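To start, I am sharing the structure in question, which I have written as structure tokens.
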Amino acid sequence: MRPGRWLPSLALVALLVAAWQLYAASGALGDDVLPGPSRVLSQGWEHRATLLDNALPTLRATLAGFALSLTVGFALSVLIDLSGVLRRALMPVLIVSQTLPLIAIAPLVVLWFGFDLLPKVLLVAFVTFFPITVALVEGYGATDRDSQALLRSMGAGRWRIFRTLRVPTALPYFFAGLRIAITYAVVGAIFAEYAGATEGLGIYMQNAKNSFRTDLVLAAVGVSAALTLALFALTYAVERLATPWARKGERT
């Protein structure tokens, strides 16, 4: 992306932060209710070591859960693509799984699997695998039929067609789903920590809230947003490496 594309968004964010600062400075609400962004930044910097110590477990759970989500999502997409019967059997179940409220599922997962890393990984995977699976399935379905027929006429088998044609066709769809999923990943990890953990940004926010330190809660929110934005940007870098033909097409 060209830097100029970000200017309107940056201008809007700057305007919102300035309005927030002015409203907080007016004294309509106390600092314990709505601290200004300057106070949030200063307190976040002062407590940066503690924030970093709690951000690392959240990032670890996010990355591990997302890796599991990619594995499960790809495996399910292959099964759905292989068989119409499996598609009709699996898709309704996958859709129903996304209707289950995380606020009810998270405590049960923690109860079943304890307070270690595993329940966080499972919950992150649970909230992120669906967009990846659906995006891949839609991508496979967008494969050009004439190209598939040509490969079959040249003796290519089903798996070779899948590897050489259907997967490359699905990659743009996959990265679109990946970017949707990655925005849920950090939130899912933090929510899992709220349900039960000994460390992480979720626990940090909970402790800060119980101590009426709204500034530190917002500082932790800022850290979680920064993690999400960094992972979101990383998907573009990976996409450029994985789909070089798309970049060549943009130049022509």
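Phe115 passes all but one of (1) without any contact (Cβ under 8 Å) to a residue 40 or more places away in the chain; (2) surrounded by fewer than 17 Cβ atoms within 10 Å (Cβ to Cβ); which number fails?
(1)
A quick yes/no check of all residues on (1) aliphatic (A, V, I, L, M); (2) under 28 Å from the mean Cα position of the chain (by Cα); (3) closer than 20 Å to Thr71 by Cα:
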| site | (1), (2), (3) |
| --- | --- |
| Ala104 | yes, yes, no |
| Thr133 | no, yes, yes |
| Arg145 | no, no, no |
| Arg152 | no, no, no |
| Trp159 | no, no, yes |
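Go through (1) open to solvent by 70 Å² or more (accessible area, probe 1.4 Å); (2) touching a residue at least 24 places away in the same chain (Cβ under 8 Å) and name the single condition Ser153 misses.
All conditions are met except number (2).
Being more than 16 Å from Leu52 (Cα to Cα) and not charged (D, E, K, R): is that true of Val186 here? Walk me through it before giving the result.
Working: more than 16 Å from Leu52 (Cα to Cα): no; not charged (D, E, K, R): yes.
No, not satisfied.
Let me ask something additional. Based on what the data block shows, is Leu29 loosely packed, with under 13 Cβ neighbours inside 10 Å, hydrophobic (A, V, I, L, M, F, W, C) and not in a helix (DSSP H, G or I)? Spell out how you get there, then give the answer.
Values: loosely packed, with under 13 Cβ neighbours inside 10 Å: yes; hydrophobic (A, V, I, L, M, F, W, C): yes; not in a helix (DSSP H, G or I): yes.
It is true that Leu29 is loosely packed, with under 13 Cβ neighbours inside 10 Å, hydrophobic (A, V, I, L, M, F, W, C) and not in a helix (DSSP H, G or I).
Output the residues belonging to the stretch 38-61 that are within 24 Å of the chain's Cα centre (by Cα) and open to solvent by less than 60 Å² (accessible area, probe 1.4 Å).
Those that are within 24 Å of the chain's Cα centre (by Cα) and open to solvent by less than 60 Å² (accessible area, probe 1.4 Å): Gly44, Leu51, Asn54, Ala55, Pro57, Thr58, Leu59, Ala61.
Further question on the same structure: Considering only the stretch 1-26, state which residues are among the small types (Gly, Ala, Ser), assigned to a helix (DSSP H, G or I) and either without any contact (Cβ under 8 Å) to a residue 12 or more places away in the chain or closer than 23 Å to Thr228 by Cβ (or both).
Initially, the stretch 1-26 is screened for residues among the small types (Gly, Ala, Ser), giving 4, 9, 11, 14, 18-19, 24-26.
Imposing the further condition that a residue be assigned to a helix (DSSP H, G or I) reduces the set to 4, 9, 11, 14, 18-19, 24-25.
Result: Gly4, Ser9, Ala11, Ala14, Ala18, Ala19, Ala25.
Among the listed residues Leu90, Leu63, Leu86, Leu59, identify the single one that is touching a residue at least 40 places away in the same chain (Cβ under 8 Å) and under 26 Å from Leu122 (Cα atoms). Walk me through how you get there before you give the answer.
Values: Leu90 fails: touching a residue at least 40 places away in the same chain (Cβ under 8 Å); Leu63 fails: touching a residue at least 40 places away in the same chain (Cβ under 8 Å); Leu86 fails: touching a residue at least 40 places away in the same chain (Cβ under 8 Å).
So the residue among Leu90, Leu63, Leu86, Leu59 that is touching a residue at least 40 places away in the same chain (Cβ under 8 Å) and under 26 Å from Leu122 (Cα atoms) is Leu59.
All but one of (1) in a helix (DSSP H, G or I); (2) open to solvent by less than 60 Å² (accessible area, probe 1.4 Å) hold for Pro35; which doesn't?
Pro35 satisfies all of (1) in a helix (DSSP H, G or I); (2) open to solvent by less than 60 Å² (accessible area, probe 1.4 Å) except (1).
Which of the following residues is under 19 Å from Val72 (Cβ atoms) and among the charged types (D, E, K, R): Glu199, Glu138?
One residue alone meets the criteria, Glu138.
The values are calculated or read from the model by the stated rules, or taken from the named source; none is laboratory data. All values reported here derive from a predicted model rather than from experimental measurement. With ideal geometry, Cβ positions are generated from the backbone for all residues, glycine too; neighbour counts draw on all protein chains shown. Accessible surface is based on the protein model in full, side chains and every heavy atom, while ligands, DNA and RNA are left aside. Shrake-Rupley method; radii C 1.70, N 1.55, O 1.52, S 1.80 Å.
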